[in-house]
């Protein structure tokens with residue numbers, strides 16, 4: 001079984017690199033590689049576009065809904081500030097909103113909240129007022145910092161004036177004037193902010209959002225949290241299914257084309273279809289690895305480690321890690337030694353380079369024996385009795401496979 005599988009793999013490898021039993025030219029190889037990379041990129045883009053039709057957990061339960069319902073970051077004290085920052089960040093963003101994502105279905109608990117927010121966000125006048133509120137708050141913050149600095153300087157100058165230092169009286173007067181101007185400016189900004197805040201909070205759309213925020217119950221929070229956990233657990237599996245719905249039909253078409261090309265002896269189509277088969281398998285392999293990474297029970301491993309720590313046997317875990325590393329290293333060594341750097345491949349390279357098949361010394365063309373180790377380089381073929389390389393796979397005279 002394994003011998004047959006190995007022979008099939010070898011024949012498939014030859015189809016990737018040979019045309020009419022001859023190595024393909026460098027120009028053809030360059031064209032094939034460009035085609036491979038183009039098709040590979042197209043497949044990855046197609047898989048992404050196809051899978052993007054799914055509703056991801058972050059789309060079904062958006063970040064804003066999680067902030068309000070799960071994290072309870074919005075409350076009557078700061079909800080206007082939170083709303084203003086969220087709308088202002090959207091207005092000043094340099095990227096356009098993903099309309100396809102906004103059309104995807106929302107969780108029943110999130111739909112009224114997100115719907116009310118979007119009516120505010122998409123109202124030009126109201127969103128501009130919220131942006132102005134953020135700007136005013138920033139100006140007030142800067143002005144408060146400036147006032148604090150001036151107050152400190154004024155207090156220092158006043159103490160120096162009381163102590164009788166010269167030229168401090170004029171400085172104190174100038175600082176007093178600056179403080180008065182900054183205080184008046186702050187009072188004016190505070191008044192503007194108060195009027196703007198009142199106008200925003202009287203808006204029917206804002207009041208509707210506040211009602212939805214205040215109406216969230218503890219039971220709804222618990223239910224939403226469980227739904228989010230379930231979505232996060234199953235989404236990688238659903239995503240992998242969508243990936244395979246795109247990749248499997250493509251692979252089957254390429255496989256059928258490759259089999260038909262081989263059966264009808266069409267070398268050019270066999271070469272291209274063989275390459276495309278490999279290209280189609282690459283995304284499938286990556287998606288399998290991604291699925292394994294997503295569903296790997298890391299929590300279970302942490303629980304095992306915690307259990308071992310609780311019974312003072314955590315060393316067992318490290319022993320297992322060391323054993324796994326040793327086994328992985330052994331497997332890689334076997335793979336490289338038997339497949340990539342096997343004795344058979346080494347012999348073929350030495351024959352192709354005109355080297356001694358035993359010690360690797362470069363020999364003059366046609367040398368029967370190695371001048372360094374004396375090893376015989378040729379033997380008689382059992383089929384045609386002509387001389388052929390000792391470690392050659394096929395007779396160089398008749399082409400018969402050597403035993």
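The values are calculated or read from the model by the stated rules, or taken from the named source; none is laboratory data. Quick caveat, the model's predicted, so the values are computed rather than measured. All Cβ positions, even for glycine, are placed from backbone atoms using ideal geometry, and neighbour counts span all protein chains on display.
General observations
- Given (1) under 24 Å from residue 62 (Cα atoms); (2) out of contact with any helix residue (DSSP H, G or I) (no Cβ under 8 Å at 6 or more places or on another chain); (3) not assigned by TED's automatic domain parsing to the domain that holds residue 72, number of the condition residue 256 does not satisfy: (1)
- Residue ID - modelled with the lowest pLDDT, chosen from residues in the stretch 342-361 that are farther than 23 Å from residue 403 by Cβ and surrounded by 12 or more Cβ atoms within 10 Å (Cβ to Cβ): 360
- Among the residues listed as 87, 47, the single one being closer than 21 Å to residue 235 by Cα and in a helix (DSSP H, G or I): 47
- Cβ-Cβ under 6 Å pairs, at least 6 apart or on other chains, the stretch 29-53 side free of Cβ contacts under 8 Å to residues at least 40 places away in the same chain, far side part of a loop (DSSP other than H, G, I, E, B): none
- Number of positions in the stretch 185-211 that are over 27 Å from residue 119 (Cα atoms) and touching a helix residue (DSSP H, G or I) at 6+ places or on another chain (Cβ under 6 Å): 2
- Boolean, residue 365 is at pLDDT 80 or above, part of a helix (DSSP H, G or I) and surrounded by fewer than 12 Cβ atoms within 10 Å (Cβ to Cβ): no
- Selection status of residue 221, assigned to a helix (DSSP H, G or I), surrounded by 12 or more Cβ atoms within 10 Å (Cβ to Cβ) and at pLDDT below 80: no
- Scanning the stretch 121-131 for residues that are crowded, with 16+ Cβ neighbours inside 10 Å and not in a loop (DSSP other than H, G, I, E, B) returns 121, 126, 127, 129, 130, 131.
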